[in-house]
1. Among B:250, B:223, B:324, whose Cα lies farthest out toward the positive end of the dipole of the stretch B:4-436, if unit charges sit on the beta carbon of Lys, Arg (+1) and Asp, Glu (-1)?
2. Compare the peptides A:48-59, B:307-318 by average per-residue count of other Cβ atoms within 10 angstrom and give them in order, highest first.
3. Applying the Karplus parametrisation 6.51 cos²θ - 1.76 cosθ + 1.60 with θ = phi - 60° to the phi angles of the stretch B:104-116, what ³J(HN,Hα) value in whole Hz is obtained for each residue in order, glycine and proline being reported as x?
4. Going 7 Å from the Cα of residue B:304 along its beta-carbon direction, which residues of the stretch B:363-386 have the amide nitrogen within less than 13 Å of the resulting point?
5. For chain A, what are the DSSP H helices with axial Cα length of 20 Å or more and mean Kyte-Doolittle hydropathy of at least 1.0?
6. What FRET efficiency comes out for the pair residue B:214/residue B:269, r = Cβ-Cβ distance, R0 = 22 Å, nearest 0.05?
7. Amide H to amide H under 5 Å from residue A:97: which residues, 5+ apart in sequence or cross-chain, H placed 1.01 Å off N in plane?
8. What FRET efficiency comes out for residue B:78 versus residue B:247 if R0 is 45 angstrom and r is the Cβ-Cβ distance? Round to the nearest 0.05.
Amino acid sequence: MLSKKQARAFFLGGTVVTFLIFIGLTIYSFSKSQDQSNDENITEAVVRGKKLWEDNNCMGCHTILGEGAYYAPELTKVIERRGEGYIKAVLTTPVDWAPNGRKMVAYGFTAEEAADLIAFFDWIDDIDLNGFDTVVSPLAKGEN
Amino acid sequence: MKYKSQKVAYWFFALSMLLFGLQIIYGFIMGFAHAGFDGLHAAIPFNTARAVHTNLLVVWLLSGFMGAAYYIIPEEAQRELVSVKLAYVQLISLAIVGVIAIVGYHFNYWEGRKFLEIPRSLDYLVVVNVLLFLGLILVTLFKGKRRTTTALVLSMGLLFAALLYLSGMLPFDSQVKDSFFRWWVVHLWVEGVWELIMGGILSFLLIKLTGVDREVIEKWLYVIVGLTFLSGVLGTGHHYYYIGVNKIWLIVGGIFSALEPLAFLAMALFAVNMYRKGEKKHPNKLALYWTLGAAIVSFIGAGLLGFAHTLPQTNLYTHGTLVTAMHGHLAFWGAYAMIVLAIISYSLPNMTGRKLYESTRGRMAFWMSNIGMIGMTVAFGVAGVVQVYLERKLKMEFMEVQKQTEIHFVVLIICATLFMIGIILYFIDFYKHGKPTNEALEVQPT
């Protein structure tokens, strides 16, 4: 029968081994040859766009890369779906945008801020998402 | 209660209940908005309600865990807490940081990073607060007469939770990396170190409530937390399938997260078996309800419902949909909310001296909240499946699909009302126990 000492060894051993593998895999997936996060194309506009994204908690309603809340549309591949003009209009409008009655806060961003957010979305669109992009993109229509 | 300083736990539990009540109110705001009634949009837009709802959950659970530690550690270490005064300082500062964060969310003072919306400047205050808490707990433990496995596992969980929080404070320019390391906090908390905390509390409660030998319970505690880490650490991979990192995570995440339900199953079997084995039945039946309930519901919510969308082939379609909310609600309720309610139900009579062990109100609180939460989970699940099918498979427009799901949110609100009535009954029970008193100091039926 299992003793308490063996049980403890199982716990400590298992934890240390899996943590080491986990850290190893983390290093592996961000190594130059394996990285697919589109890291090399991050521009200053993208960084500013990401900051706006965070400062306004866009993730509190939308999802991006499938993460966030489920109250407003997924924004991965949004440029492909809607086009830049539409997105710019939504971001800069001074009144609540309310497609089909569901309201978005009227952020009234400046043209520069809107351009930064669009740069951010554009950068997102070039990340290799292991196929998730085809689920949320119109280009995949009929494929699934 | 055996030590005077255990009384400090009461106030952490009281704070916990207050925040829990508020959390439910914000949940209703979101439920109504989803059902098409967003009258509060101008004052409390959805993203505010959402950040408040999830952060209140985290803070009330943490406050509950801290209260549990302040109650359990003196009893396990067999000595008073090293400083009661500092514990109150920690309580008040926790409440202040929490209030600033929650109020700030109404004024765009936040960081839109799911679950970790607390802005960096406040993060430092959180760190100081948690360091103070850990200092008090660990010093008490190491100055104590004995160091039990239960106390060690609980303290280890709290310590690792604090350490992992730091990885969420790392700054990244890349959304992918930001997200990747955010899960080091969120996933490794809820499917890792928080289970140590849960396991520690569960083990303490089982020792007290069933009278089974400590050695037996603590041996199995090691096995269960071992299984948790073995599956949970690499199971983090299920968050990495589709966020822009290597395909290796599809395999690693798929295999190890498929094992995660086993850890929860082991926990449920462990609790039920210890209860069956126990010869001495503690008179506090309500605490027993919540304790066994936590072990069983966490297996359903975290184990089974998590498994329902954890395989890469399924998650490709369910990632970023209401299916996640379905799993999230029952998992948090079963694993963490119920264990906090269990330790409160156990310790309140001991701290206040009012032995309200068994009452219709207490049982109603248990059943109504559980049935309500299961109903909510089903409503989320149906809405989630509808969303996946119409939006991801048939490629319908987002808002067209949302219109279709409104009715499920009406059902959700009805179930949430039942849930809330149950919780209100629990609050009444809490209130009826009165304040903690030194008169309650005695040799308890352990």
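1. Of B:250, B:223, B:324, it is B:223.
2. Numbers: A:48-59: 20.4, B:307-318: 18.9.
In decreasing order of mean packing, A:48-59, B:307-318 become A:48-59, B:307-318.
3. x, 4, 7, 10, 6, 9, 6, 10, x, 10, 2, 6, 10
4. Residues passing the 13 Å test: B:374-375, B:378.
5. Details: long enough: A:4-29 (37 Å, 1.03); A:111-125 (21 Å, 0.48).
Result, helices passing both filters: A:4-29.
6. Numbers: r = 19 Å, r/R0 = 0.86.
That pair, residue B:214 with residue B:269, gives E of 0.70.
7. Close amide H contacts, sequence-distant or interchain: A:104, A:106.
8. Values: r = 52 Å, r/R0 = 1.16.
It comes out at approximately 0.30.
Every read-out reported here was derived from the displayed coordinates using simple, explicitly stated rules and does not represent laboratory data. What you are looking at is a predicted structure, and each value in this text was computed from that prediction instead of being measured. All Cβ positions, even for glycine, are placed from backbone atoms using ideal geometry, and neighbour counts span all protein chains on display.
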